[in-house]
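Single-structure report; data block below.
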Amino acid sequence: MSASRLTTGGSDIDRGRPLSFTFDGSRVEGFAGDTIASALLASGQAVVGRSFKYHRPRGIWGSGVEEPNALVDVESAAGRVPNARATTVQATDGIRVTSVNASPTAENDRNAVLDRFARFLPAAFYYKTFMWPDWHLFEPRIRAMAGLGIVDSDWKPRQVSDQVNHHCDVLVVGAGPAGLAAAASAAAAGHSVVLADDGAHPGGSLRHRVGEVDGVEGRAWVEATVARLKGAGQLMLSETAAFGLYDHNLVALNQRHADGRPDTLWRVRPRRIVLATGAIERPVPFANNDLPGILSADAALSYLRRHGVLVGREIVVATNNDSAYEPASALAAAGASVTVVDCRRAGDAQAKGGIRVLAGRTITAARGRNAVQGVLLDDGTTLGVDCVLVSGGWTPTVHLFSQAKGKLAWSDQLAAFIPGELIDGIGVAGAVAGTVSLSEALASGAAAPGDFGSSSAAPRGTGAEATLGVVSLWPNPKAKGRVWIDYQSDVTAKDVELAARENFVSVEHLKRYTTLGMATDQGKTSNLNGLALLADITGRGIAEVGTTTYRPPFTPVPFASLAGSRRASMHAPVRRLPLEANHRAAGAVFQEYGGWLRPAYYGGGEAGASIEDEARRARQSVALFDGSTLGKIEVVGPRAAEFVDFIYYNTMSTLKPGHCRYGFMLSENGVVFDDGVLVRLDEHRFIVSCSSSHVAAVHARLEEWRQDRFGREAVYIHNATAQYATLTVSGPNARQVVEALDLGAALDDASLPHMAIAAGRFAGDEVRIARVSFTGDRSYEISIRADRAEALWARMRQEGRAFDAVLLGLESLMILRAEKGYIVIGKDTDGTTMPHDLGVAGPRTKRAGEFVGKRSLFTEAGNSADRNQLVGLAVREGEAPLATGAHGVEKRDGRLRSIGFVTSSYQSPTLGRPVALALIERGAARHGETIDVQHLGVVRQATIVAPCAFDPEGRRLHA
Amino acid sequence: MQLFPCPFCGPREESEFHYGGEAGNLRPDGSEVTAERWAGYLHMRDNPKGPTREIWVHLTCGEFFAMSRDSVNHKVSGSTALGEAERGA
């Protein structure tokens, strides 16, 4: 191949602004306006990559998003982008470009030898050969030899990708003649328009093909139309690929920026979509049709007219249609010797001076090593060439239409699938809709906005009009040599034939078996040739074979663009305590618990020792704990008492104002869903205190029952969890500390007994004091406006000093509650645990009224005697704690079976021995029994005991 | 990404909603309900192909409502607040 830059021409480039970059370490010269591909061609670089499987040398094939071969890794100041298509990335000064899957360079690749073994490496070779003993033994080495670009594992975003949500009346995808006509029509009708194009400049085919619109040269019409749209305030997005079309007209687009900014993701929801996505030229099947120097005829014309690059000197053009003649003539006019090999009998009337036409002929094979050097025709003649241009017809870019569930129709006239029945809200225009001439494209564009278009006349093509006259030129299953169907996935006609022989006759199976149509280009150039070949082999029509499913993305999209700001700590943001800074100052080590970032333990020392120390000291004098995450959902209204009776397993309406009651909420299937304390403030006002991690779910459940069963007027529900901080004082000396806070509430046990509340004030703010306990010691939960909590916490710590108060993290609290046998829902219960499994059978047997889950408690399963029930487990003296998750096991009929499992297990520093909770089959009736407990193959003995291991009489609650 | 019409807030993206079950699955009250009837309420669903009426909750406003839509072509024909007449999508 002897591509070179001409001394003149090239509408996209600015010869006054030269630039240079490196490719595989060598310097490449170019101009502003070059793509990486055009600069590589201009410098005569024939081999730009190695193929995925066989490491065949490959050159540039196309000039846009369809490019299957020229994938490169691009390093710039903005970072490294793997697998970029050289045809769509603008060349910039100083970037480092490397070929993919080649080492050390694309030109001299040490794995090139693989190709000599190609006949032993057909489709599915790896699957078949490396099955025994285990594919995973071979996978790393095979993956290292195959594959594409290299991901920068140290990559960090310098800047977060923007994500834009946008609404408009009409979104036009594709700024070729049809798209421009559509945008102009919608804009003229007074609608807001977004016009997006994946190229750097609008114009589509008018940028490199001759055309005349309304008496104006095509490119001038493009500039004028764009200027008019911009002037009217319409949004033009260049280098923006619409890659996904989703339900209800949502279109996702990825916009690249030339200035190194990360890509922007657009989510546009137009009232109408116009798809003017064009068509992609197909390769022509002949042996060795993948050699560097064989490229799309249309791409060659584009490089000539847009970049002033002549792709070869001795050129053969292989075609089955009229569209290849403009490139042929143009290249001849630029100084190349051009021969057209046209498979059609009639030859072509357009053939003009300078080009030779061989009508009724086809190429059967190309020859050459790292570049094409000659072609063999079906009549046995050979031609020496340095470049072969191919045009096997045009495949409409129906991807987005198909993503919208649009049905395709086969057109014999175009030898392609085009959109069939149209879909509401979506118009198609131009080549994607099957138009050939400029006039048709413009007319279809102007009509595509439908009700959103203007009634004024469509722009008209006024010059010579394009024709197509395409005939079938599909791969021949009996052809000799290696005819490449899919360049990027290294699939040949023989692979398709093999797949069919092995009965993979569905296109979806063909794709997965041979990888035809996979990888980054998703078969944009190869799919139709592949399925036409399959149709021929299996004796079916192409329409009958059908296409594989088109799925987003149309072109590769960086994860950074899809993620936007949702990364690192923003990926799943944690909820934070109002007093986080104070806890940090006190040395708290934070962990996430149920979505909340909470102190795990304090002091920053060794975790185990710190936690044990907190748990021990909490029992000795007094402990302070931030329980702000506890749910505080207010239930207010005339039927509030009736409502909580229905919601809870326990009767709640008998609760006296000013008091609290512990209870369970069940699911409708009778399983314990949440537990907690219900506070009754007055006749019609309750506070549901639910588990910290369950607040949203409990709130949603309350709302559902309220709206569905009770009605809006009966009760009102307000989640006030985040509005209050709840600070807890617990321990034998808790009352003295709370008294010192001077809250103005009577704290004697007659005025404020266990499970009662009192109102007080702190520094002018109302506080609510609740005597409820999760530690088993006398406790006061003091709730205060979240924004005033800091002073109260400081005061508590100050008053606590005299009592050697300890700060409790969540880990030590877990020990304290486990010592008492207090459960955590979801940890000490599972998806089968009913309230009577937890020792609370009263309401089940006694309650008359209806409540959530009631009927389920009396099903066959609910009545079963073999249920797993909550128990404590004691280990032998001196032994270590059981593993949480260890299974109780027993032998029955000679087989080991599980009889339940350990749910919580800790070393209790106060008791000086381990404590454990477990769900054990018939456990409630088995206290005193010793069972086997197995974990990771080790079997230990444990004795079933009551869940409460510490102060079973509950004296300390009142001490 | 579908657009659902919240009867209170208007059209919003589907990620703002949670599915609440098929509409018309009335809860049988009382201890006398047969096991079959109760199991039907808990577990048996029609899962229709085509037109369907469902309960959804709009998480951002907290309101449950009934929505009529087509499970095949995803066309939404309307929604109602619980206990109100259907309004157009």
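The values are calculated or read from the model by the stated rules, or taken from the named source; none is laboratory data. Small disclaimer: the values here were computed from a predicted structure and weren't measured. Positions of Cβ are generated from backbone atoms using ideal geometry, with glycine treated the same way; all protein chains shown enter the neighbour counts.
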Quick one: which residue in A:Ala252, A:Ala242, A:Ala227 is in a strand (DSSP E or B) and more than 14 Å from chain B (Cβ to nearest Cβ)? A:Ala242
Within the range A:450-495, track down each residue that is free of Cβ contacts under 8 Å to residues at least 60 places away in the same chain and surrounded by 15 or more Cβ atoms within 10 Å (Cβ to Cβ). A:Thr492
Do we find that B:Thr34 is more than 9 Å from chain A (Cβ to nearest Cβ), of a type outside the set (Phe, Trp, Tyr) and touching a Cys at 6+ places or on another chain (Cβ under 9 Å) in this structure? no
Sort through A:Gly59, A:Gly16, A:Gly94 and tell me the only one that's under 17 Å from A:Tyr303 (Cα atoms) and either modelled with pLDDT of 95 or more or among the aromatic types (Phe, Trp, Tyr) (or both). A:Gly59
Across the range A:826-850, the tally of residues that are over 41 Å from the mean Cα position of the chain (by Cα) and not acidic (Asp, Glu) stands at 13
Which numbered condition in (1) touching a Gly at 6+ places or on another chain (Cβ under 9 Å); (2) more than 9 Å from chain A (Cβ to nearest Cβ); (3) over 30 Å from A:Leu245 (Cβ atoms) is the only one that B:Ser71 fails? (3)
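Residue-by-condition table, conditions (1) assigned to a loop (DSSP other than H, G, I, E, B); (2) not assigned by TED's automatic domain parsing to the domain that holds A:Val194:
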site	(1), (2)
A:Val81	no, yes
A:Asp93	yes, yes
A:Asn101	yes, yes
A:Phe138	no, yes
A:Gly149	yes, yes
A:Leu180	no, no
Any pair with Cβ under 8 angstrom, 6 or more apart, that starts in the range A:611-630 at a residue that is within 12 Å of A:Val806 (Cβ to Cβ) and ends at one that is at pLDDT below 95 and surrounded by fewer than 24 Cβ atoms within 10 Å (Cβ to Cβ): A:Asp613/A:Gly603
Need pairs with beta-carbon distance below 9 Å; first residue more than 17 Å from A:Leu383 (Cβ to Cβ) and within the range A:296-324, second basic (Lys, Arg) and assigned to a strand (DSSP E or B); sequence gap 6+ or separate chains. A:His307/A:Arg5; A:Gly308/A:Arg5; A:Gly308/A:Arg15; A:Val309/A:Arg5; A:Leu310/A:Arg5
Does B:Thr80 fit the bill of being at pLDDT below 95, surrounded by 12 or more Cβ atoms within 10 Å (Cβ to Cβ), in contact with a strand residue (DSSP E or B) (Cβ under 8 Å, 6 or more places away or on another chain) and of a type outside the set (A, V, I, L, M, F, W, C)? yes
With respect to the numbered conditions (1) modelled with pLDDT of 95 or more; (2) among the small types (Gly, Ala, Ser); (3) within 30 Å of the chain's Cα centre (by Cα), which one is the sole condition not fulfilled by A:Ala448? (3)
If you take the residues in the range A:1-14 that are part of a strand (DSSP E or B) and in contact (Cβ under 8 Å) with a residue 60 or more places away in the chain, which one is surrounded by the most Cβ atoms within 10 Å (Cβ to Cβ)? A:Arg5
Go over the candidates A:Thr884, A:Thr859, A:Thr845 one by one and state the one that is hydroxyl-bearing (Ser, Thr, Tyr), within 14 Å of chain B (Cβ to nearest Cβ), without any contact (Cβ under 8 Å) to a residue 40 or more places away in the chain and surrounded by fewer than 17 Cβ atoms within 10 Å (Cβ to Cβ). A:Thr845
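Residue by residue, here is whether (1) crowded, with 23+ Cβ neighbours inside 10 Å; (2) at pLDDT 95 or above; (3) farther than 26 Å from A:Pro835 by Cα holds:
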site	(1), (2), (3)
A:Ala640	yes, yes, no
A:Ser653	no, yes, no
A:His684	no, yes, yes
A:Ser689	yes, yes, no
A:Glu704	no, no, no
In the range B:22-31, what residues are facing chain A (nearest Cβ under 8 Å) and acidic (Asp, Glu)? B:Asp29
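Let's see how each residue does on (1) of a type in the set (Ser, Thr, Tyr); (2) within 36 Å of the chain's Cα centre (by Cα):
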position	(1), (2)
A:Gly233	no, yes
A:Ser238	yes, yes
A:Asn254	no, yes
A:His257	no, yes
A:Arg261	no, yes
A:Ala287	no, no
A:Asp322	no, no
Among the helices (runs of 4 or more DSSP H) lying completely within the range A:558-656, list those that include at least 2 residues that are of a type in the set (D, E, K, R), in the same structural domain as A:Val677 (by TED's automatic domain parsing) and out of contact with any Lys or Arg (no Cβ under 7 Å at 6 or more places or on another chain). A:640-647
Can you give me the number of residues within the range A:862-881 that are touching a residue at least 40 places away in the same chain (Cβ under 8 Å) and within 13 Å of chain B (Cβ to nearest Cβ)? 1
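A quick yes/no check of all residues on (1) basic (Lys, Arg); (2) at pLDDT below 95; (3) surrounded by fewer than 21 Cβ atoms within 10 Å (Cβ to Cβ):
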| site | (1), (2), (3) |
| --- | --- |
| A:Arg867 | yes, no, yes |
| A:Val871 | no, no, no |
| A:Arg892 | yes, yes, yes |
| A:Arg897 | yes, no, yes |
| A:Arg913 | yes, no, yes |
| A:Ala916 | no, no, no |
| A:Glu921 | no, no, yes |
| A:Arg926 | yes, no, yes |
